[in-house]
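Report on the structure given below.
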Amino acid sequence: MHCCTCGIHNTRRKRHQDASLADISPRDKSWDVHRAQAQDVQAIYGEAREFERLAERIGKCSGVLRFSETHDPETGEVRLKLKEAQFCRVRHCPVCQSRRSLMWQARFYQALPGLIEAHRGARWLFLTLTVRNCPVDDLRGTLKAMNDSWRRLVKRPEFKPVKGWIRTTEVTRGKDGSAHPHFHALLMVPPSWFTRHYVKQARWVEVWQSCARLNYAPSVDVRAVHPRKGEDGTQAIQQAAAETLKYAVKPADMTTDPEWFMELTRQVHKLRFVATGGALKNVLKEGQESDEELALTDGDGEQDDGGRVGFNWRPADRKYRRYRQADAEPSG
Ligand SMILES: [Zn+2]
């Protein structure tokens with residue numbers, strides 16, 4: 001028979017039944033953070049009849065997490081790996097948003113060695129394009145105009161040498177309750193970028209201003225992704241990808257101002273926030289997000305004895321805690 005598998009001795013079962021996920025595995029503390037944020041978003045949606053269905057779905061998101069468990073042979077530290085969970089896939093659910101970001105990062109990392117191999121000497125740029133803040137109820141029109149502007153940008157001679165790109169949209173809340181939409185883009189460029197094709201920051205401002213048909217100089221940030229000392233650059237590219245693929249709306253912005261957040265939800269309905277092109281086209285397989293994909297359980301190639309440690313969400317204390325024994329399914 002399988003006894004306790006979570007690393008705390010059997011005789012302390014009574015206490016350990018209620019042990020929190022964060023206590024057993026401090027590196028999984030972010031689950032509590034995101035799930036608590038989801039609970040707050042659920043409460044906001046639950047107040048408005050038009051968002052009732054979303055509130056209901058978020059309420060059922062990631063209620064139970066089942067992990068496999070290993071121990072670090074040197075430190076004895078418990079290592080949990082998520083194996084099963086059910087996600088709501090509501091666009092602004094903080095849990096699902098965070099899982100989606102990890103899933104896209106994983107897909108990009110998987111493709112990266114092949115890309116590096118196929119495009120020897122390629123370099124990477126991290127580009128942020130903004131426009132002035134708009135009233136949140138103009139967000140939809142502003143984003144549509146920005147998407148058109150991007151389509152014009154990729155046709156510009158300055159953009160021609162770019163071999164592939166990933167572009168995401170982020171919207172933050174201005175202090176005055178406005179919306180600040182901006183694009184983050186990761187560009188793969190040939191080695192000649194820094195000699196023959198170099199585009200200075202000031203030129204990016206001009207080009208973006210022209211493509212976006214603005215009567216002011218917009219704020220543009222561009223930086224080359226530099227490998228750190230002693231590294232081949234993969235880590236630096238991954239870090240830039242993580243920054244590009246982080247989140248669309250900061251959870252704190254969702255909950256600070258519920259009216260703003262509900263209007264944002266209406267405004268961005270069915271607008272796509274991720275686009276890819278050139279050699280990076282479809283590298284993220286946008287739109288595909290099964291529970292398994294969001295749990296990142298596929299293709300990890302790790303040994304798995306089938307044993308599971310289960311935690312469920314306790315709304316009152318805003319923590320995941322170990323299953324009560326009576327709830328646990330027999331294992332083995
Ligand atoms: Zn969710």
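The values are calculated or read from the model by the stated rules, or taken from the named source; none is laboratory data. The structure displayed is predicted, hence computed values, not measured ones. Neighbour counts are summed over all protein chains in view; Cβ atoms, including those assigned to glycine, are modelled from backbone coordinates with ideal geometry. Surface areas here come from the heavy atoms of the whole protein model, side chains and all, with no ligands, DNA or RNA. Shrake-Rupley method; radii C 1.70, N 1.55, O 1.52, S 1.80 Å.
Numbers at a glance
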read-out	value
Residue-normalised accessible area of region 148-291, expressed per residue, 1.4 Å probe, Å²	49
Residue among Ala248, Asn282, Gln267 farthest towards the positive dipole end of region 106-287, charges placed on Cβ	Asn282
Over the chain, volume per residue of the alpha carbon convex hull, in Å³	158
Potential extension, Asn147-Asp232 segment - 0.36 nm per residue separation minus Cα distance	27.2 nm
Pairwise label distance in nanometres, Arg156 with Glu292, each label 7 Å out on the Cα-Cβ vector	4.3
Prolate/oblate/rounded call for region 42-87, Cα gyration tensor, a/c under 1.5 rounded	prolate
Surface share of carbon and sulfur [accessible, 1.4 angstrom probe, percent] for the chain	49
Selected from His119, Gly141, Thr130, residue furthest toward positive end of dipole (region 114-156; charges at beta carbon)	His119
Calculated FRET value between Val64 and Lys246, using beta carbons and R₀ = 25 Å, to 0.05	0.45
Helical mean residue ellipticity (222 nm; -39500 (n - 2.57) per DSSP H run of 4+; nearest 500) of the chain	-10500 deg cm²/dmol
Angle between the chain longest axis and helix 30-46 axis [Cα atoms, degrees, rounded to 10]	80
Dipole magnitude (debye, nearest 20) for region 145-210, charges at Cβ of Lys, Arg, Asp, Glu	260
Peptide ranges 151-159, 194-202, 18-26, 54-62 listed from the most packed, as the mean C-beta count within 10 angstrom indicates	54-62, 18-26, 151-159, 194-202
Global form of region 106-287, assessed from the alpha-carbon gyration tensor, a/c cut-off 1.5	prolate
Highest average packing first - 186-193, 113-120, Cβ atoms within 10 Å	186-193, 113-120
Angle in degrees between helix 234-244 and the longest Cα principal axis of the chain, rounded to the nearest 10	90
Pair Lys270, Ser178: separation of 7 Å Cα→Cβ label points (nm)	2.9
Fully extended contour minus Cα-Cα distance, from Tyr198 to His71, at 0.36 nm per residue	40.8 nm
Peptides ranked, highest mean first, by Cβ atoms within 10 Å: ranges 220-231, 160-171, 94-105	94-105, 160-171, 220-231
Of Lys83/Lys229; Lys175/Lys319; Lys83/Lys270; Lys144/Lys246, pairs whose Cα-Cα distance is over 27 Å	Lys83/Lys229; Lys175/Lys319; Lys83/Lys270
Prolate/oblate/rounded call for region 179-322, Cα gyration tensor, a/c under 1.5 rounded	oblate
Amide H within-cut-off set for Arg314, under 5 Å, with H built and near neighbours excluded	Lys319, Tyr320, Arg321
